[in-house]
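The values are calculated or read from the model by the stated rules, or taken from the named source; none is laboratory data. Since the model is a prediction, treat every value here as computed from it, not as a measurement. With ideal geometry, Cβ positions are generated from the backbone for all residues, glycine too; neighbour counts draw on all protein chains shown. Surface areas here come from the heavy atoms of the whole protein model, side chains and all, with no ligands, DNA or RNA. Shrake-Rupley method; radii C 1.70, N 1.55, O 1.52, S 1.80 Å.
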Amino acid sequence: MPPDTTKSQDIKGLVERFHVCRDVWPEYAFINHEKRQIGFELDFSGSPQDEEKHPEPGSDKCLEIYKALVRIAEEVLPQADKGTTYQIEPYDQSIHYLPQRGNRPEVVLKVRILHREAFERPIDASEFHYLEKLKGQLEEWGICQH
């Protein structure tokens with residue numbers, strides 16, 4: 001099996017194991033007293049396997065899920081893009097619950113997508129293009145959006 005196929009199968013296995021989903025939110029900043037969208041926040045969320053319904057925040061199980069989410073994010077996020085960059089936010093050691101996914105316990109990895117330089121500029125086609133490239137790969141791996 002070629003390396004890319006093996007890597008893709010590994011990622012799909014993590015997606016299935018931890019029921020990985022994604023959400024996209026606008027990223028705002030106040031610039032000169034004006035609220036401005038400067039990018040996007042892409043959230044990856046994973047949940048423990050069915051036999052462990054309510055893990056302790058910051059537990060080894062949660063850290064395992066977080067590391068899987070980092071692996072997925074690092075695999076999909078392009079390493080070089082002329083106008084856009086990303087920042088993986090630190091692990092918050094919390095359990096999150098969203099009604100749109102039945103209030104299941106989730107570990108969340110937040111990724112900010114911004115301009116590479118002058119991050120305070122309003123979003124433009126480069127951020128939209130970057131996000132669309134990511135969405136295509138995430139859908140191929142079976143990462144749902146709710």
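A compact table of results
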item: Residue in region 80-91 that is open to solvent by 50 Å² or more (accessible area, probe 1.4 Å), modelled with pLDDT of 90 or more and in contact with a strand residue (DSSP E or B) (Cβ under 8 Å, 6 or more places away or on another chain) present; result: yes
item: Sole residue being open to solvent by 80 Å² or more (accessible area, probe 1.4 Å) and part of a helix (DSSP H, G or I), chosen from Lys67, Lys35; result: Lys67
item: Selection count, region 108-134, where residues are closer than 27 Å to His96 by Cβ, open to solvent by less than 50 Å² (accessible area, probe 1.4 Å) and of a type outside the set (A, V, I, L, M); result: 2
item: Residue in region 2-12 that is touching a Leu at 6+ places or on another chain (Cβ under 6 Å), at pLDDT below 90, among the hydroxyl-bearing types (Ser, Thr, Tyr) and open to solvent by 40 Å² or more (accessible area, probe 1.4 Å) present; result: no
item: Cβ-Cβ under 6 Å pairs, at least 6 apart or on other chains, region 101-122 side without any contact (Cβ under 8 Å) to a residue 40 or more places away in the chain and under 19 Å from Trp25 (Cα atoms), far side assigned to a strand (DSSP E or B) and open to solvent by 30 Å² or more (accessible area, probe 1.4 Å); result: Arg116/Thr85
item: Region 38-64, residues that are open to solvent by less than 50 Å² (accessible area, probe 1.4 Å) and in a loop (DSSP other than H, G, I, E, B); result: Ser47, Pro48, Pro55, Gly58, Ser59
